[in-house]
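Below is one structure, written out as structure tokens, with a few remarks after it.
Readers should treat all values here as calculations from the given coordinates under stated rules, not as data from a laboratory. Not measured: the values here are computed from a predicted model. Don't worry about glycine lacking a Cβ; one is built from the backbone with ideal geometry, like all the others, and counts go over all protein chains shown.
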Amino acid sequence: MSVSHSPSLPTNTPIDEARAALLKHTLSAALDYLNGEEPRTVAPGPEAVAALGVFREPLPESPTDPDAVLSLLEIYASPAMVAKTAGRYFGFVNGGCLPAALAAAWMVAAWDQNAAFFVQSPAAITLEEIALEWVRELLNLPAGTGGAVVTGATMANFCALAAARHALLARVGWDVEADGLFGAPPITVVVGGEVHMSLLKALGMLGMGRNRVVRVPVDGQGRMRADALPHLDDRTILCLQAGNVNTGAFDPAPAICPEARAAGAWIHVDGAFGLWAATSPAYRHLTNGFELADSWATDAHKWPNIGYDCGIALVRNPENLRAAMAMTASYLAFGEHREPSSYGPELSRRARGVELWAGLRSLGRAGMAAIVERNSAQARRFAEGLRAAGFKVLNDVVINQVLVSFGSAEKTLGTIDRIQKDGTCWCGSTVWQGQTAMRISVSQWATTDEDVDRSLAAMLRAAQD
């Protein structure tokens, strides 16, 4: 199909009318994509990927009709997308997007708000504040805890660790935001042997170093061993995990946090998906003890299924976060309200808090718990089916993560390759404590038991081949 270029909109078409026509086309294209995922493979085929070459062109000299731009996306980009919303994508801990969050994202784009200051968008900031308090309540965190809605768990870890860095150095009279780390008193960062790369990346960006950490040995499920903790003091940041990215395991917070608090250490929790277990009566016990921490990082685009991009940084004393992130300038309008730009790294920022509010408002407490419980039951369904077929499940399936070996590393990787090419579902590989495995992450609100059974059948076919 040829796409026409036009120097401007037709002069006889009012702007509002042309925009309405474009948005109707957009709605039609979006519905075609969403309704057409079922017959497609989860991963795009090689032909669809090769067709993306149409986009590799010089920037046109003249304007292009917006409808023609949309047609290019509809014809060539949609077929090359990974069909994650179909419910059979298990490759990473990637949630889907709830209908209410999707609708809110469209409204956010239409409103075109900069959610940096209250004066710029009272509605966006109000909804963000409400959503943050709902998250605090859902995760059973202390009253008074505050935070920021950021892009994901990496930035949530970054913000929370920046607050920790500020607080620990302020105790000894060092203003790290003003004077930097050159000559600063040292901070010890303690992590588990299975620390997630996003936390290490955050430490690198903060100047505290990815390698300048003390690693605590872990057990066979990746949990930090409480009996192997090093000396902790009031210049220690202790980083715990709520939900290991491979096994789903939780560090033993009840055995660790009281000792760490008594030593004056700052306790940070990387809980990108695992912290949401607190929303379920059936799984809440897994998060016991984590409420004793000083900061928490999580993703709303994982289990709450809010859509991208939406992460959350939470700090027991939000003044530490504000001190680490705040700025001032003569032209900035600081009022009496909470200003989001003073609690996160961004100044200009989209109103992603609106999507968070919409998704949580649509779910309620019961709906949020249902996603956790359904996905966790589906993970057990995968594990039981794979075990029954004679394959080795390497982890205790405590929530939504399953690790399976199909034999040798070569056999396991070959099976994963066949599963990906089959297209019924998509799973990726990992190396877990020296053993190559396939990782199944069940994180989508749209995943049904039928999706699990279809995917399991595809896995067994690939393994037998």
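Here the gap between residue 171 and residue 326, fully extended at 0.36 nm per residue and compared with their Cα-Cα distance, gives a gain of 53.9 nm. In the chain, the calculated helix contribution to ellipticity at 222 nm averages -12500 deg cm²/dmol per residue, counting -39,500 (n - 2.57) for every DSSP H run with n ≥ 4. Restricting the calculation to Cα atoms, the stretch 102-360 shows an Rg/Rh of 0.96 when the hydrodynamic-style radius is the Kirkwood one. Listed from fewest to most Cβ neighbours within 10 Å, the set 201, 302 follows the order 201, 302.
For the stretch 54-213, the equivalent ellipsoid derived from the Cα gyration tensor has semi-axes of 38, 22, 20 Å, listed largest first. Counting only other residues whose beta carbon sits under 12 Å from that of residue 143, what net charge do I get with K and R as +1, D and E as -1? That sum, taken over residues with Cβ under 12 Å, equals -1.
Taking amide H as placed 1.01 Å from N in the peptide plane, the amide H of residue 193 sits under 5 Å from that of 216, 218, each at least 5 places away or on another chain.
Relative contact order, percent, of the stretch 387-434 when contacts are C-alpha pairs under 8 Å separated by at least 6 residues?
Values: 31 pairs, mean separation 10.4, N = 48.
Over the stretch 387-434, the number comes to 22 percent.
Summing charges over neighbours of residue 396, with a neighbour being any other residue whose Cβ is under 11 Å away from its Cβ, gives +1 when K and R count +1 and D and E count -1. Between the listed residues 73, 323, 401, the Cα displaced farthest toward the positive end of the dipole of the chain, a dipole computed from Cβ unit charges relative to the Cα centre, is found at 401. Taken as Cα centroids, the stretch 36-65 and the stretch 116-178 sit 38 Å apart, rounded to the nearest whole angstrom.
Checking the a/c ratio against 1.5 first, then a/b against b/c, what shape does the Cα gyration tensor give for the stretch 308-449? Prolate, because a/c is 1.5 or more and a/b exceeds b/c. Per residue, the average separation of C-alpha pairs within less than 8 Å and at least 6 apart gives the chain a relative contact order of 21 percent. When the Cα positions of 254, 314, 301 are compared along the charge dipole of the chain, 254 comes out farthest toward the positive end, with charges on each C-beta of Lys, Arg, Asp and Glu.
Please compute the contact order of the stretch 15-81 in relative form: average sequence separation of alpha-carbon pairs under 8 Å and at least six residues apart, divided by the residue count, as a percent.
Working: 21 pairs, mean separation 34.7, N = 67.
Normalised by residue count, the contact order of the stretch 15-81 is 52 percent.
Looking at the chain, I'd like the Rg to Rh ratio, where Rg is from alpha-carbon atoms and Rh is Kirkwood's inverse mean 1/r.
Numbers: Rg = 23.8 Å, Rh = 23.9 Å.
Across the chain, the Cα-based Rg/Rh ratio is 1.00.
Centre-to-centre, using Cα atoms only, the stretch 332-398 and the stretch 254-279 are separated by 18 Å. Beta bridges per DSSP, both residues in the chain: antiparallel share near 60 percent.
Going by C-beta contacts inside 10 Å, put 432, 106, 296, 426 in order with the fewest on the left. Could the numbers behind the result be given before it?
Working: 432 18, 106 14, 296 29, 426 22.
Listing 432, 106, 296, 426 from fewest to most nearby Cβ atoms yields 106, 432, 426, 296.
Working note: Karplus 6.51/-1.76/1.60 with θ = phi - 60° gives the stretch 347-360 the couplings 9, 6, 7, 6, 7, 5, x, 5, 5, 4, 4, 5, x, 5 Hz, where Gly and Pro are set to x.
Take peptides 403-411, 174-182, 238-246 and line them up by average Cβ neighbours within 10 Å, highest first, as a rough protection proxy.
Details: 403-411: 17.1, 174-182: 13.0, 238-246: 26.8.
So the peptides 403-411, 174-182, 238-246, ranked by packing, come out 238-246, 403-411, 174-182.
Semi-axes of the equivalent ellipsoid of the stretch 15-81 are 24, 19, 5 Å, computed as sqrt(5λ) over the eigenvalues of the C-alpha gyration tensor in descending order.
Using the alpha-carbon centroid of each, what span in Å lies between the stretch 67-111 and the stretch 420-465? With the stretch 67-111 and the stretch 420-465 each reduced to a Cα centre, they are spaced 22 Å. Within the straight-line cut-off of under 14 Å between alpha carbons, the aspartates and glutamates reachable from residue 421 are 47, 465, sequence neighbours fewer than 8 places apart in one chain being disregarded.
Cβ-to-Cβ counts within 10 Å put 295, 62, 455, 441 in ascending order as 62, 441, 455, 295, the fewest first.
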